[in-house]
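The values are calculated or read from the model by the stated rules, or taken from the named source; none is laboratory data. Values in this document were obtained by computation on a predicted structure and should not be read as measured data. Ideal geometry is used to build each Cβ from the backbone, glycine not excepted, and the neighbour counts take in all protein chains shown. The area values use the complete protein model at the heavy-atom level, side chains included, leaving out ligands, DNA and RNA. Shrake-Rupley method; radii C 1.70, N 1.55, O 1.52, S 1.80 Å.
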Amino acid sequence: MIRTRRARTVAAATAVLISLTAAGCSKNAGGSDSSNSAGSSAGSSAAPVALAGSVTFNQTNLAKLDAALKSALAGKDLSKVDIAMVVNVAADYWKAGQVGFLKGCSDLGIAKSKCTYFAPPNGKLTEQNSELETLRSQGVTGYSISAIDPTSAAGTIHSDVQKGINVLAIDSPLPGTDAASLYLGTPNYTAGFQAGTAMKQVLGGKGKVAILVGSLTASNATQRIAGFEAALKGTKITVAQKVNDNLQASTATSDAETILANNPDVNGLYGVFSYDGPALAQAVTSAGRTSSVHIVSDDSDAQTLKFIQSGVISGTVVQMPYQQGYTGAYLLAAEKVLGKAKTMEIVKPYLEKDGSTLSSGVGLVTKSDLSAYQSLQSKLGIG
């Protein structure tokens, strides 16, 4: 179990992020990421090319939103705020979210004992549900959640909202639930489209790929896969298989090994969840096919970055889990103190065109800009 109430200090985190990313960002007034438009395309017969990274996040807009929320909370009593961040698996990816969440609590002056972070050690629904029950018994006023099973979570969320507990969807939207009105995280279709564009480039517009993912039903997974496949339209690249590894890295590795053994013409692998990149890299390495099979992954797991450095993974689409934690703390505090309606009034100008997505940004890390990205992580206090 990962559970902590100890705040950490991450000096000048927002300023650092803005200075490193603002040059590469192109945003509209509502916070949309215009540099990742799904309308861009490359020739389907182009030769393979080396990927150019783009560490592009939504920091400028989120910093403005954080400031607006903090201003609205100024002078208000936050003593009754008791919030939590509940994620879907104890992966390295979420360490940045944990740091951001605890820093957000600290910056708002929320007592350390009233900010809980939890990651289910084995990515099990029973673990996540048990933690939510514990939080309710302790009087939690709100929590952000990356739901392991969005369908089964709907009833729980409805019950909690009816009891006055604020619920914020992070990492994966929760359509059809009482938490559908606001999602803080990466626009997942855009992330998938960027992954597909990267795959199209490294394969030169032709080949056969397999997709490995921890869930074939979670919204973030289905949206990323939809974006990935959309980017491949008009090319000679086909998707041979989509395999569910059930949030298990070892399963992802064995599945990839089986795919490569049975499909010698597969020359591309897309790993959708944070642990999938390293799992696929291990499989490709074991098969001795690092020069013929190209991997594009999601997220910045520490092992993923090592495989980026060695060239086994061509590129990884990165999110900003730090901000999901940091801004998430601000939103949960505001909803408790100001109310949902007032909080949404403040948030509305920063939403994407769908009216419910608050983007934490999306980018692409490749070998060429790996050192800059690692420097950013270090300055945020993310080991």
Grab the Cα-Cα distance for A302 and S356, subtract it from 0.36 nm times how many residues apart they are, and report the gain in nm with one decimal.
16.4 nm
Counting only heavy atoms of the protein chains, get the accessible area per residue of the chain (1.4 Å probe) and round it to a whole Å² value.
37 Å²
For the A287, T217 Cβ pair and Förster radius 41 Å, calculated FRET efficiency rounded to 0.05 is 0.90
Mind checking the stretch 284-383 for GluC sites (Glu not before Pro) that DSSP puts in a loop (not H, G, I, E or B) and that have at most 10 other Cβ atoms within 10 Å?
none
Bins of 10 Å from zero: percent of alpha-carbon pairs in the stretch 225-308
18, 53, 28, 1
³J(HN,Hα) across the stretch 128-143 via Karplus (A = 6.51, B = -1.76, C = 1.60, θ = phi - 60°), whole Hz, x for Gly/Pro?
5, 5, 5, 5, 4, 5, 5, 4, 4, 5, 8, x, 4, 9, x, 8
0 to 90° range, to nearest 10: angle between helix 95-108 axis and the chain longest Cα axis:
20 degrees
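Take every Cα pair under 8 Å in the chain that's 6+ residues apart, average their separations, divide by the length, and report that relative contact order as a whole percent.
26 percent
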Accessible area of the chain belonging to carbon and sulfur atoms, whole % at 1.4 Å probe
52 percent
Angle check, please: helix 321-337 long axis (alpha carbons) against the longest principal axis of the chain (alpha carbons), in degrees 0 to 90, nearest 10.
30 degrees
Per the Kirkwood formula over distinct C-alpha pairs, the hydrodynamic radius of the stretch 179-226 in angstrom is 12.1 Å
Residue-ordered couplings for the stretch 286-303, obtained by feeding phi - 60° into the Karplus form 6.51 cos²θ - 1.76 cosθ + 1.60 and rounding to whole Hz (Gly and Pro as x), are 4, 7, x, 10, 5, 8, 10, 10, 9, 10, 10, 10, 10, 6, 10, 3, 4, 5
Pull up all non-local amide H partners of G204: gap of 5 or more, or a different chain, and H-to-H distance under 5 Å with H placed in the peptide plane.
V49
What distance in nm separates the simple spin-label points at D77 and E345, each placed 7 Å from Cα in the Cβ direction?
2.2 nm
Relative to a virtual label point 7 Å from the Cα of E133 in the Cα→beta-carbon direction, which members of the stretch 152-169 show backbone nitrogen distances below 19 Å?
152-161, 163
For T116, enumerate residues with amide H under 5 Å from its amide H, sequence gap 5+ or separate chain, H modeled in the peptide plane.
I83, A84, M85
Given unit charges at Cβ for Lys, Arg (+) and Asp, Glu (-), the dipole magnitude of the stretch 301-383 about its Cα centre in debye, nearest 20, is 120 debye
By how many nm would the segment from A111 to N263 lengthen if fully extended, with 0.36 nm per residue of separation less the alpha-carbon distance?
49.2 nm
Any idea what angle helix 188-203 forms with the longest principal axis of the chain, computed on alpha-carbon atoms, 0 to 90 degrees, nearest 10?
20 degrees
Need one value: the accessible area of M320 in square angstrom, 1.4 angstrom probe, rounded to the nearest 10.
10 Å²
